[in-house]
Each structure stands twice: as structure tokens, then as C-alpha cells.
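The values are calculated or read from the model by the stated rules, or taken from the named source; none is laboratory data. Everything numeric here is computed off the predicted structure, so don't read it as measured data. Heads up, the Cβs are rebuilt from the backbone with ideal geometry, glycines too, and the neighbour counts pull from every protein chain shown.
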Amino acid sequence: MNYTLHQLRVFSKVNELQSVTKAAEELHLTQPAVSIQVKKLQDQFELPLIEHVGRQLYVTDFGKDIANRAEYILKEAEEIKHSVARYKGILAGNIKISVVSTGKYVMPFFLKSFMDKYPGIDISLDVSNKNRVMRKLMKNESDFSLVSVVPDDVQVHMVELMDNELYLMGRTESRFDVEKPADLSNYTLLFREQGSATRNAMEKFLEKHKVQVNKSMELVSNEAIKQALLAGLGLSIVPLIGARSALKDNRLSTFPLKGLPMRTKWNMIYSKGKNLTPAQLALVDHFKEYRAQISKEFFN
């Protein structure tokens, strides 16, 4: 057999997501590129790895077995690289972090100085919605997660990083007439998908102020919400951190309603039962030591 680590990595992701399209997105590859790698791996075996029923992809039992073994092989391959680094006296390891979608505006700034300090440590960053982020943490598929609201029913350690502020925003040129919460009933309200912490915060605000939602639109990311706001489609309560450039350029405006801004915290969390590796402990210590400095430098 002559399969490669790249083929195993691609097929492992297809197995995880049960989709070539989604695997391509996460791996930052084209869909044809993913299909080619899966086919090359399939050519090594007489038994099928995947089956298609209609338009739905299914990984066979044999394919699942290969995917599980691929995970082990990929992990061991990473350890070879880390072993070399450790013998050179360099702190090494792999850290998997999952972040909610708005967290992509936060986490890179906290990771930059850490990665400069520890070049032997590899970081993988997965961006998704809150439900998937928490599921990956609970299944130990992620070492750490970045969230703004920590669920009450999970046992985690928490490292508070910085404030998260949510404002009502709309396109500046649209000149929305909003002076009190009830005025929101006159406009289209833009919501994140179910399970989003941003959506939960917006729904709580509307419920508290008894705002009747007459027209709404649901979008799957804060970036999509921002583009809809810029197009003048409506109003939304969104994190300040993702709209800073549009506010600075006066393309978006905030509306000072009672109860706003809503304030939460960006928290890096990890399971209480998790035994942290030296590399993971170094990350926790680094964030605790430099969080105030990073927050002041980049988010003041």
C-alpha cells in the first residue's frame, strides 16, 4: 500500500463531517481536491470506504475502521515531530482550540505572542457555532474552547480574557428611527442561527423589553449579519468586536437603547477532568500573564 498522510487526513475529515463539501471548507481545499485524495486512498483497498445513496454520502463500516486507524497514525506522526523538538530542548506539542464564530476576531491576537514564544507547539483552530464548540470540548475533540457565555451544566476551568460588548447596529445611511425598544417592531431584525450565544442574547433583550418581532431574517454567521446590516436589510444586536472597521468608517451606526450595550466576557475554558500537557499548561499560563496587555494593545 502507498497511501499518504495527506490522504488519511483528508479522509478522516470527510468521515468526521460526513461531507466532502464541509471537509473541503474546513481543510481550505477545493471540493475536487478532496474528492481526488479520497479516490487515491480508495484505490488502495478492494472494499469501499464510502457509499452514495442519492445525494447523501455514507462512510461504510470498513471506512470508519480506516478513519479510526488514520486518526491514530496522524497523531503518532505529529508526535514524531514533537519528539524531535523535545530532544532539542524545545517545548513541543499540539493544541486544539475551538472558538465560536465571533471568537475568530479575538483568539488570533492572543495566540500570536504565544506562538512566537513557543515555535515547537502546533495550534489547530476550529471556528463554529456555540453548540458544536461545546460538543467538541465535551467529547475531548478540542483541548480548549473560546466562548462568551459558559453553559451552567458543564464542569470547566475558565480563564477570563476580555470584555464582550453587544450593541444594536444598523446601516448609517438608512437612518433608522429607533429611540426605544418598541420601535424595533417596525424593522426587519437579523438573527444568528439557533444555538448561537449572540442570538440568545438578542432574544433575551427583546423578551425583556416585550418587543414584538414582525419581520426577521436568520443568518449563519456574524460576518453574514454584518454584510446584511451594511446592505440596509435591517437591525441586529451584534458584538462590537466584529464591526469595528464598519463603525470607524461610519458605514454602521449604534443605537443607544435602554439595556444596551449588553456585556459578557470572552472566556477560554477547558474540562475540569482534563490532564493538561506541558504545552497546554504553557498556553494557560501565557494567557493569564498577558491577557490584560493583549486586550489593551489590540482591543482598547
Tally, over segment 36-74, of residues that are of a type outside the set (Asp, Glu) and touching a helix residue (DSSP H, G or I) at 6+ places or on another chain (Cβ under 8 Å): 18
The one condition in (1) more than 26 Å from residue 268 (Cα to Cα); (2) more than 23 Å from the chain's Cα centre (by Cα) that residue 34 fails to fulfil: (2)
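Find the strands (runs of 3 or more DSSP E) located wholly in segment 186-300 whose residues include 1 or more that are over 24 Å from residue 129 (Cβ atoms), and list them. I'd like the intermediate steps shown before the answer.
Values: elements: 189-192, 216-219, 236-239, 252-254, 262-271.
The qualifying strands (runs of 3 or more DSSP E) are 252-254.
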Members of segment 160-182 found to be closer than 16 Å to residue 233 by Cα and surrounded by 14 or more Cβ atoms within 10 Å (Cβ to Cβ), listed by number: 168, 169, 170, 171, 172, 174, 176, 178
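What residue, of 168, 146, is on the phi < 0 side of the Ramachandran plot, in contact with a Ser or Thr (Cβ under 9 Å, 6 or more places away or on another chain) and assigned by TED's automatic domain parsing to the domain that holds residue 276? Give the steps one after another, and end with the answer.
Details: 168 fails: assigned by TED's automatic domain parsing to the domain that holds residue 276.
Selected residue: 146, the only one of 168, 146 that is on the phi < 0 side of the Ramachandran plot, in contact with a Ser or Thr (Cβ under 9 Å, 6 or more places away or on another chain) and assigned by TED's automatic domain parsing to the domain that holds residue 276.
Here's the yes/no breakdown for (1) out of contact with any strand residue (DSSP E or B) (no Cβ under 9 Å at 6 or more places or on another chain); (2) of a type in the set (D, E, K, R); (3) surrounded by 20 or more Cβ atoms within 10 Å (Cβ to Cβ):
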residue	(1), (2), (3)
70	yes, no, yes
76	yes, yes, no
94	no, no, no
111	no, no, no
117	yes, yes, no
121	no, no, yes
132	no, yes, no
146	no, no, yes
Pair list, Cβ < 6 Å and 6+ apart or interchain, from segment 99-122 residues that are farther than 15 Å from residue 280 by Cα to residues that are among the acidic types (Asp, Glu): none
Residue list for segment 7-22, restricted to those being closer than 12 Å to residue 71 by Cα and surrounded by fewer than 16 Cβ atoms within 10 Å (Cβ to Cβ): 16
Considering residues of segment 186-239 that are hydroxyl-bearing (Ser, Thr, Tyr), more than 20 Å from residue 253 (Cβ to Cβ) and touching a helix residue (DSSP H, G or I) at 6+ places or on another chain (Cβ under 8 Å) only, the residue surrounded by the fewest Cβ atoms within 10 Å (Cβ to Cβ): 221
Residues of segment 109-135 satisfying the condition of being among the charged types (D, E, K, R) and either touching a helix residue (DSSP H, G or I) at 6+ places or on another chain (Cβ under 6 Å) or in a strand (DSSP E or B) (or both): 122, 126, 130
Residue list for segment 175-185, restricted to those being assigned to a helix (DSSP H, G or I) and out of contact with any helix residue (DSSP H, G or I) (no Cβ under 9 Å at 6 or more places or on another chain): 182, 183, 185
Only one of 36, 66 that is in a helix (DSSP H, G or I), at negative phi and exposed (fewer than 15 other Cβ atoms within 10 Å of the Cβ): 36
Test: residue in segment 22-41 that is closer than 20 Å to residue 139 by Cβ and in contact (Cβ under 8 Å) with a residue 40 or more places away in the chain: yes
Given (1) surrounded by 19 or more Cβ atoms within 10 Å (Cβ to Cβ); (2) of a type in the set (A, V, I, L, M); (3) modelled with pLDDT of 90 or more, index of the condition residue 284 fails: (1)
